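K.L.:
Please read through the structure below; I'll follow up with questions.
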Amino acid sequence: MSQYELPVYTKRGLTLVRGKGAKVWDQSGRAYVDCIGGHGVAIVGHSHPRVVEALQEQAQRLIICPGTFDNDVRDAYLSRLQSLTPSGLDFIFLANSGAETVEAALKFARLATGRSRIVATKRGFHGRTMGALSLTWNQKYRRPFMPLVPEIAHIPFGDIEAARAAIDDRTAAIVVEPIQGEGGVRPAPEGYLSALRELCDESGALLIIDEVQTGFGRTGELFAINHWRVVPDILCLAKGIAGGIPMGAVVTNNRVAEVIQPGHHGSTFGGNPLACAAALAVLEIIQDEELPLQARRKGEWLLDRLRTMESPEIREVRGMGLMVGIELRHRVTPILRRLQDEYRVLALPAGPNVMRLLPPLNIEDEELEEVIRAIEGVLA
Ligand SMILES: Cc1ncc(COP(=O)(O)O)c(C=O)c1O
């Protein structure tokens, strides 16, 4: 631990030095099954050879290329991503993180509608920069930084009537995660997202879906919105997009694209060729290794094993694909620490009493067995 690092993180008492697939190793050579995966980033596993090769090759050719110049790898990536997003979502801005995609989405929504009111959801998490933090619900993150961006209302997630009451012809957008991650792994109830789509269509507001955590196969579909066949006006993507290299993408429809002009937005590092090369490799891996299918199959197995696990500690098991939450009857932090130190499995919290599992989508079956044995042990 460095005395020079600002103490913004609660430390786990572990120094990680190496990763391969779903395993990471600490300084003394101990291996851990990694169901944190860089907070859901490592969808293709750590140091996937095809990502490493793409990065090595690109690093020798060109690392930075501002958006004022075109670039062969960036163009190839934009075409590839556009071919995979739902029809109508055809325009992309490349950023460097999840929060940055949310910031861009807020600006684009104001531009496209000429309105400034935003509706977000209770338990929602969208990042920690000022705009994204203003959408984020948890008071612990918000309170020290008041006042935040004005005209943002938080409504209960999943409540269509609350959405109907909140969205009107002064609303620029509603911002929602299809499955709340940080807020406890809570999938949108059936019909909720399509009802939001209808409310937005009626009122002229934009539907912004934050798939920073759920995107790129995590939930068993390439994008979680595919489960519900809902197409937003703006889709926010990040985390697993580039195999661990910082990157984000904001994908919009023509309603946004037609109002955007040079100077409205930008980023020094956004769309740099190094990140694009990694992201291109990730899309190929997702396709060749059928990662959404793997996530679905392994997720069903995992959810089934957890739901039939006999432990008085488990209150509820929720999730889709390999985005799994186990709501416990007690605080999760000491349990996560024991899971790490005694069972060598890394998992993360989602609120005070939910254990969250976000393993690589190509985690081995035996490694998942290990995870189940560890959770059984720690919750016994
Ligand atoms: C749904 C969602 N949106 C946005 C973010 C912010 O992403 P980043 O940490 O890359 O800024 C996160 C991060 O966990 C997230 O889960």
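K.L.:
Filter region 1-44 down to the residues that are part of a loop (DSSP other than H, G, I, E, B) and within 23 Å of the chain's Cα centre (by Cα) and list them by number.
P.N.:
Listed by number, the residues that qualify are VAL8, TYR9, THR10, LYS11, ARG12, ALA22, CYS35, ILE36, VAL41, ALA42, ILE43, VAL44.
K.L.:
Might you let me know whether region 287-303 holds any residue that is touching a helix residue (DSSP H, G or I) at 6+ places or on another chain (Cβ under 9 Å) and in a strand (DSSP E or B)?
P.N.:
no
K.L.:
Could you check GLU198 against (1) in contact (Cβ under 8 Å) with a residue 24 or more places away in the chain; (2) farther than 30 Å from ARG315 by Cα; (3) more than 20 Å from the chain's Cα centre (by Cα); (4) surrounded by fewer than 23 Cβ atoms within 10 Å (Cβ to Cβ) and say which number it fails?
P.N.:
Single failed check for GLU198: (1).
K.L.:
Another question, if that's okay. Please return the ranges of helices (runs of 4 or more DSSP H) entirely within region 77-159 where 2 or more residues are away from the ligand (no atom under 16 Å from the Cβ), of a type outside the set (S, T, N, Q) and surrounded by fewer than 18 Cβ atoms within 10 Å (Cβ to Cβ). So that I can check it myself, show each step before the final result.
P.N.:
Numbers: elements: 98-113, 130-135, 139-142.
Output list reads 98-113.
K.L.:
Checking the condition open to solvent by 10 Å² or more (accessible area, probe 1.4 Å), of a type in the set (Asp, Glu) and under 24 Å from SER47 (Cα atoms), which residue from ASP304, ASP288 passes?
P.N.:
The conditions single out ASP288.
K.L.:
Tell me, yes or no, whether region 276-283 has at least one residue that is small (Gly, Ala, Ser), buried (at least 19 other Cβ atoms within 10 Å of the Cβ), under 24 Å from ASN353 (Cα atoms) and in contact (Cβ under 8 Å) with a residue 12 or more places away in the chain.
P.N.:
No, every residue in region 276-283 fails to be small (Gly, Ala, Ser), buried (at least 19 other Cβ atoms within 10 Å of the Cβ), under 24 Å from ASN353 (Cα atoms) and in contact (Cβ under 8 Å) with a residue 12 or more places away in the chain.
K.L.:
Return the pairs, sorted by first residue and then second, in which the second residue is part of a loop (DSSP other than H, G, I, E, B) and open to solvent by 100 Å² or more (accessible area, probe 1.4 Å), the first residue lies in region 1-24 and is under 26 Å from HIS48 (Cα atoms), the beta carbons are less than 6 Å apart, and the residues are 6+ apart or on different chains.
P.N.:
THR15/GLN27; VAL17/GLN27
The values are calculated or read from the model by the stated rules, or taken from the named source; none is laboratory data. Bear in mind the structure is a predicted one, so any value in this text is a computation, not a measurement. As a convention, Cβ positions derive from the backbone with ideal geometry for all residues, glycine included, and neighbour counts pool all protein chains shown. For accessibility, only protein heavy atoms count, side chains too; no ligands or nucleic acids. Shrake-Rupley method; radii C 1.70, N 1.55, O 1.52, S 1.80 Å.
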